[in-house]
């Protein structure tokens, strides 16, 4: 149990013990007083009913307020009603058990203790003052004709105890609450940016997602990344970089105000939860954040490639684009990657090629396409690399289709093939996909079957027929040494040759369990070295030119 939660538990436990004493003492006193009643007068039944009703109401209030954190005005009002009812009940018991001579005046101390613990130092002091006033007023009223009032003098000491208890206990409780607040800040906040941290973000995400699912309301997640931040750190040093991160945290908080939850997700990346925001509202907020950062001056930002400091934003919304919280995070992360890839300083929304296909295919193919999407998701679960790899290959393919000046149908086929090219891995054993050691001969032969299995998986989907050659031949080599069919040169379908280059480049520049990623410069050199052997020379030159136009690569 975290320290702050343990302290809350101890305070709650103390409160429960004192409230139990509050319940037991009046009950004992009540039944003691029942023996003094004249049963012939018929007062026993209504008196017992009245006492039972009061105790029942008190128990209801205690059970309701103790189990909940008193943060809302509604719960504070209930707690005040609880203490007023208990005070009135105790005062009546004092009157019935002897009034000014009653030995039960001390029972006000329990009300003062519970009020101080539950409602704070100030309200505890108010309750102590009211309790003291009630006892001293009773003393003055009863002894109003006496020259010397012995009751008042004796009870002054008791009221002093009341006030001292409220003051000492209130001071302790306030100190404990301040300590709990400090611990919560240490646990939940990022020390540099003063926004919530990664751990708290995921806790809050699960809470907000449960609320969104139960209330049928949307939930939008924004991922925000500072553009060229490594470049900024290299030029200005990490101290200035830390200042930018701190300023960015403050900027995001002031822009959102109280409309969402801001957290530092890691490094120069921030995350925002927007409960109740649909996709359109989330996009407006994302654009507002992007624009605010763009026009805000930062120290030494003129050294940035674009002359100013900017951010890229990725958006995903439940339930439109994701069915659970993990998928929502993945979609927002993919959208951010797309925003970073497409020139930065922009807002991008998550989209899937299969979602786009659904808009233009016959209804009879929808169920099959849904099955295809399920297959891709199953592969993602088996192999986390494949998930990110597929999304990146789709992004590269979109951009390269534009650079190659492909017509609309070919561009769509290329992107579709990029999305489906690894679907055959569904039949590959998970231990092979994630194996850290080199594959055995038999394991390698099994892995090489995934292009054939992938083509078989989509062969009955009409809208995916044009992508079949890409799925089958994306591992063919220009020199004829590829697989599964050993096709050579122009015999390899043109779009498959395009996909081969994109697929290979991303594989080289991504971390795998069995090899370390190459830098973009190293990967480009590898493409040049393999031009004419593994890759189509003309397409390779076009792809390299496209990559080199992006200065962040």
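The values are calculated or read from the model by the stated rules, or taken from the named source; none is laboratory data. The shown structure was predicted, so the numbers you read here are calculated from the model rather than taken from an experiment. Here the Cβ positions follow ideal geometry from the backbone for every residue, glycine too, while neighbour counts run over all protein chains shown.
Listing for the model above:
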item	result
Given (1) in contact with a strand residue (DSSP E or B) (Cβ under 7 Å, 6 or more places away or on another chain); (2) within 23 Å of residue 331 (Cα to Cα), number of the condition residue 248 does not satisfy	(2)
The lone exception for residue 471 - which of (1) touching a residue at least 12 places away in the same chain (Cβ under 8 Å); (2) surrounded by fewer than 21 Cβ atoms within 10 Å (Cβ to Cβ) it fails	(2)
Segment 339-353 - residue that is over 21 Å from residue 328 (Cα atoms) and out of contact with any helix residue (DSSP H, G or I) (no Cβ under 8 Å at 6 or more places or on another chain) and, of those, modelled with the highest pLDDT	344
Selection from segment 377-417 of residues that are at pLDDT below 80 and not in a helix (DSSP H, G or I)	383
Number of the condition not met by residue 478 [criteria: (1) surrounded by 21 or more Cβ atoms within 10 Å (Cβ to Cβ); (2) in a helix (DSSP H, G or I)]	(2)
Selection status of residue 410, closer than 30 Å to residue 549 by Cα, within 41 Å of the chain's Cα centre (by Cα) and touching a residue at least 60 places away in the same chain (Cβ under 8 Å)	yes
Unique match (being out of contact with any helix residue (DSSP H, G or I) (no Cβ under 7 Å at 6 or more places or on another chain) and at pLDDT 90 or above) among 516, 540, 533	533
Positions within segment 401-428 being within 29 Å of residue 444 (Cβ to Cβ) and surrounded by fewer than 19 Cβ atoms within 10 Å (Cβ to Cβ), in sequence order	426, 427
Test for residue 317: is it surrounded by fewer than 16 Cβ atoms within 10 Å (Cβ to Cβ) and either closer than 23 Å to residue 219 by Cβ or modelled with pLDDT under 85 (or both)	no
Filter result for the condition that a residue is under 17 Å from residue 347 (Cβ atoms) and either surrounded by 14 or more Cβ atoms within 10 Å (Cβ to Cβ) or outside the structural domain of residue 313 (by TED's automatic domain parsing) (or both), over 232, 277	277
Criterion (on the phi > 0 side of the Ramachandran plot, assigned by TED's automatic domain parsing to the domain that holds residue 167 and either modelled with pLDDT of 80 or more or surrounded by fewer than 22 Cβ atoms within 10 Å (Cβ to Cβ) (or both)) met by exactly one of 87, 98, 124	98
Candidates 539, 501 - the one that is outside the structural domain of residue 231 (by TED's automatic domain parsing), assigned to a helix (DSSP H, G or I), surrounded by 13 or more Cβ atoms within 10 Å (Cβ to Cβ) and out of contact with any strand residue (DSSP E or B) (no Cβ under 6 Å at 6 or more places or on another chain)	539
The one condition in (1) under 14 Å from the mean Cα position of the chain (by Cα); (2) exposed (fewer than 15 other Cβ atoms within 10 Å of the Cβ) that residue 254 fails to fulfil	(1)
Residue 443 vs. criteria assigned by TED's automatic domain parsing to the domain that holds residue 493, part of a helix (DSSP H, G or I) and either within 32 Å of the chain's Cα centre (by Cα) or touching a residue at least 24 places away in the same chain (Cβ under 8 Å) (or both)	no
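Every residue, every condition in (1) farther than 21 Å from residue 171 by Cα; (2) at pLDDT below 80; (3) not in a helix (DSSP H, G or I), yes or no:
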{"site": "113", "(1), (2), (3)": "no, no, no"}
{"site": "137", "(1), (2), (3)": "yes, no, no"}
{"site": "146", "(1), (2), (3)": "yes, yes, yes"}
{"site": "161", "(1), (2), (3)": "no, no, no"}
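Yes or no, residue by residue, for (1) more than 24 Å from residue 263 (Cβ to Cβ); (2) in a helix (DSSP H, G or I):
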residue: 186; (1), (2): no, yes
residue: 191; (1), (2): no, no
residue: 200; (1), (2): no, yes
residue: 210; (1), (2): no, yes
residue: 220; (1), (2): no, no
residue: 230; (1), (2): no, yes
residue: 234; (1), (2): yes, yes
